[in-house]
Amino acid sequence: GCFPASWLAFGAFRPNRRIEQVEAQSLLFATMLAVVVVVFSIVKTKIVHYSSLAYYPITFFAAQVLYRWWCNPGRQRWIGSIALGTIMVGAAMVTTPLVLSNQQLLLSLIHDPFARSIVEITRPRWTGVEWAPGALAIGAAIIALALMRRMPRPAVVTLLVGLALSVSAFLRVVAPRIQDFTQRELVEFCRRYSNRDVILHPIGFKTYVHLFYGKRRPEQSPRSYGIERAQWESFLLNGAVDRDVVFIAKRAKALDLLRRRDFVELDDPHSAWLFLLRPRSKATASTF
């Protein structure tokens, strides 16, 4: 991520590319980057948010390299390298909505039963202009290549501004459609129950959605019940809970939960997600 700063940052590891006035800060940011890389390598759950702290040192080092070059323009070969990388990024931006909007093509590429069921029932609203951000990136790269020899500074400005605008547009136009496939139904469900006195709990997978969009309150946490985190799921499944509990699971991997008579299935029975209510009493189940 963080392209093209991630490419430029490598140049800062050469002593002649760094700025002496910020040498102390360079050591601090190098340490920060090392910590993020090591911790991200150790954790088993790889979520992009965990590595976002690396953006600070990466952009710091990239800014040094770019500033040194801007003050004393030399070889322009790296501009062509970044321009070619931008073309590849732009091509991916153009291809992504084209593939996602073709359900049959997408199904032919997916073999996981859960992912296939998501694709089969999801109907994102495509406007037909989702390819534009990628085209903008490719256009900026082509212009930069044309200007590279005669006007290197305008070429760099065109390339970086064009890429920044294209990425921002992609995040606003295409990323929400990607979310439709990944977690829209789950997010909407948790939002719907966020104002109710109910404990939302995922089974069989890890997510933050039930905590963030479900707005879990302190009194709904394991600590408030005096339960160890390792025993929390078992307590919610079989213990005496004074609140309604809604379990969230991938349907194909949790069908055994449907056999429990004290569980009530919520929402669409044809959904890829399985939402099961364990009420504190039979009377409260009807309120859902």
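Points worth noting:
- Largest-first principal axis extents of the Cα set of the stretch 192-288 (Å): 35, 30, 24
- Size of electric dipole in the stretch 74-182: Cβ of Lys, Arg +1 and of Asp, Glu -1, about Cα centre, debye, nearest 20: 580 debye
- Listed residues 230, 83, 141, most fluctuating in the chain (Gaussian network, C-alpha, under 10 Å): 230
- Relative to its residue count, the chain spans a Cα convex hull of 171 Å³ per residue.
- Where labels lie 7 Å past Cα in the beta-carbon direction, separation of residue 262 and residue 217 in nm: 2.4 nm
- Within the chain, the whole DSSP H helices whose Cα atoms reach 30 Å or more along their own axis and whose mean Kyte-Doolittle score is at least -1.0 are 77-100, 152-173.
- Farthest positive-ward along the chain dipole, Cα basis, beta-carbon charges - from 248, 144, 29: 144
- Net dipole in debye of the stretch 6-100 [+1 Lys, Arg Cβ; -1 Asp, Glu Cβ; about Cα centre; nearest 20]: 200 debye
- Leading residue at positive end of dipole, the chain (Cβ point charges), from 114, 38, 227: 38
- Summing Lys and Arg as +1 and Asp and Glu as -1 over all other residues whose Cβ lies under 11 Å from the Cβ of residue 243 gives a net charge of 0.
- Relative contact order of the chain: 13 percent, from C-alpha pairs under 8 Å at least 6 residues apart in sequence.
- Exposure proxy ranking, count of Cβ atoms within 10 Å, fewest first, for 255, 236: 255, 236
- Taking the fewest neighbouring Cβ atoms within 10 Å as the starting point, the ordered list for 215, 206 is 206, 215.
- GNM result for the chain, Cα springs below 10 Å: residue of 89, 39, 198 fluctuating most strongly: 39
- The DSSP beta bridges internal to the chain are antiparallel in roughly 60% of cases.
- Here the chain is treated with +1 on each Lys and Arg Cβ and -1 on each Asp and Glu Cβ, and its dipole about the Cα centre works out to around 460 debye.
- Max mean-square fluctuation residue, GNM over the chain, Cα-Cα springs under 10 Å, options 144, 272, 254: 254
Here, each number is a calculation from the coordinates, and none is a lab measurement. The shown structure was predicted, so the numbers you read here are calculated from the model rather than taken from an experiment. Please note: Cβ atoms are built from the backbone with ideal geometry, for glycine as well, and neighbour counts cover all protein chains shown.
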